[in-house]
1. When you go through 154, 164, 185, 177 one by one, which is the residue that is at positive phi and either within 16 Å of ligand 2 (Cβ to nearest atom) or at pLDDT below 95 (or both)?
2. Residues 211, 161: which one is under 30 Å from residue 238 (Cβ atoms), surrounded by fewer than 22 Cβ atoms within 10 Å (Cβ to Cβ) and within 16 Å of ligand 1 (Cβ to nearest atom)?
3. Suppose we keep only residues that are without any contact (Cβ under 8 Å) to a residue 24 or more places away in the chain and within 17 Å of residue 155 (Cα to Cα) within segment 73-94. Which one would you say is farthest from ligand 1 (Cβ to nearest atom)?
4. When the residues of segment 41-67 are narrowed to those that are touching a His at 6+ places or on another chain (Cβ under 9 Å) and either among the polar types (S, T, N, Q) or open to solvent by less than 20 Å² (accessible area, probe 1.4 Å) (or both), which ends up farthest from ligand 2 (Cβ to nearest atom)?
5. Take residues that are among the hydrophobic types (A, V, I, L, M, F, W, C) and tell me which of the helices (runs of 4 or more DSSP H) falling wholly in segment 36-123 contain 3 or more.
6. Inside segment 105-117, can you point out the residues that are more than 18 Å from residue 156 (Cβ to Cβ) and open to solvent by less than 70 Å² (accessible area, probe 1.4 Å)?
7. From the list 70, 108, 28, 8, pick out the single residue that is without any contact (Cβ under 8 Å) to a residue 60 or more places away in the chain, of a type in the set (Val, Ile, Thr), under 20 Å from residue 204 (Cβ atoms) and away from ligand 2 (no atom under 16 Å from the Cβ).
8. Of the residues 191, 137, only one is open to solvent by less than 10 Å² (accessible area, probe 1.4 Å) and at pLDDT 90 or above; which?
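The values are calculated or read from the model by the stated rules, or taken from the named source; none is laboratory data. Worth saying up front: this structure is predicted, and the values here are computed from it rather than measured. FYI the Cβ positions are ideal-geometry reconstructions off the backbone, even for glycines, and counts take in every protein chain you see. Quick note on the areas: whole protein, heavy atoms, side chains included, nothing else; ligands and nucleic acids left out. Shrake-Rupley method; radii C 1.70, N 1.55, O 1.52, S 1.80 Å.
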Amino acid sequence: MEPSMIRVENLIKKFGDLTAVNDVSFDVQKGEIFAFLGPNGAGKTTTIKVLTTLLKPTSGSVELDGLNPVSHHNEARKAFGIVFQDPSLDQDLTAWENMNLHGVLYHVPSKIRRERTETLMKLFELWEKRDTVVKQFSGGMKRRLEIARGFLHTPKILFLDEPTLGLDPQSRNQLWTHVKHLNETERVTVFLTTHYMDEADRVAHRIAVIDHGRIVAMGTSQELKQQTNTESLEGAFLALTGSSIREESAGSADQLRQMARMFRR
Ligand SMILES: Nc1ncnc2c1ncn2[C@@H]1O[C@H](COP(=O)(O)OP(=O)(O)O)[C@@H](O)[C@H]1O
Ligand SMILES: [Mg+2]
């Protein structure tokens, strides 16, 4: 059995009266791609923030690569890379400069920094554009650069919080192909969140369906479909979260239409 890279036990995170994460437990093993699938407001980002030391848990325990991110803040930070929902690139720097700055901040030795920057930028098809300032990049290129940058310090775990939000289907596809490649070649553990069911289905080894701060089901896509006696992950999601799939959750009219079709069958 592979060691656990992420362990979460009975995690609760409250903001005042609101319980954003409500008694969540799960384990992610080395080399696994694990997805949190859930609508807006389900508690996905809050969980990632607790795991990445940006928020303290209200109660429960969290371990990253065997370390408690609350008491071993600095060591835990080196173990992971993170790409947030909101872009965090310096728009006035070139792609290469953004990579280099990140490498310096993470104390990556200069030779390795240069080599790895080149490898990653080539893999993410950005090497030709290395001297272009980021503000001239398309949305898809910016996302790819952020993810390439997240890999620069060779993290053991990569957190991706809705990395494909707002991207066209082709860019989404391309991005996951690269992430899967790095997962396979470097055995980096990936924790991702998404509200696109097709993505969770295609990319993740295991999926936790989260709604209103609680994990309502967990397993492979196949297992979720079997548990709910449905033929698609969309159907499983509906069965698990009930009709309460909130409007804003679908993220696109397409997904709502897909669900409507399921209902009619
Ligand atoms: N800093 C905060 N203060 C108060 N409420 C928050 C804060 N961050 C998130 N929330 C609330 O917690 C719930 C879960 O949010 P979030 O984790 O961002 O969901 P998701 O990422 O799944 O969309 C939401 O109801 C959100 O409004
Ligand atoms: Mg979020």
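1. Working: 164 fails: at positive phi; 185 fails: at positive phi; 177 fails: at positive phi.
Residue meeting the stated conditions: 154.
2. Numbers: 211 fails: surrounded by fewer than 22 Cβ atoms within 10 Å (Cβ to Cβ).
The match here is 161.
3. Within segment 73-94, the first condition is being without any contact (Cβ under 8 Å) to a residue 24 or more places away in the chain, and the residues that meet it are 73-76, 86.
Subsequent filtering for residues that are within 17 Å of residue 155 (Cα to Cα) retains 73-76.
On the way: 73: 19, 74: 24, 75: 25, 76: 20 Å.
The selected residue is 75.
4. Looking at the filtered set, the residue picked out is 64.
5. It comes to 44-51, 95-105, 110-123.
6. Those that are more than 18 Å from residue 156 (Cβ to Cβ) and open to solvent by less than 70 Å² (accessible area, probe 1.4 Å): 110, 113, 117.
7. Working: 70 fails: under 20 Å from residue 204 (Cβ atoms); 108 fails: under 20 Å from residue 204 (Cβ atoms); 28 fails: without any contact (Cβ under 8 Å) to a residue 60 or more places away in the chain.
Criteria check complete, one pass: 8.
8. Numbers: 137 fails: open to solvent by less than 10 Å² (accessible area, probe 1.4 Å).
When all the criteria are applied, what remains is 191.
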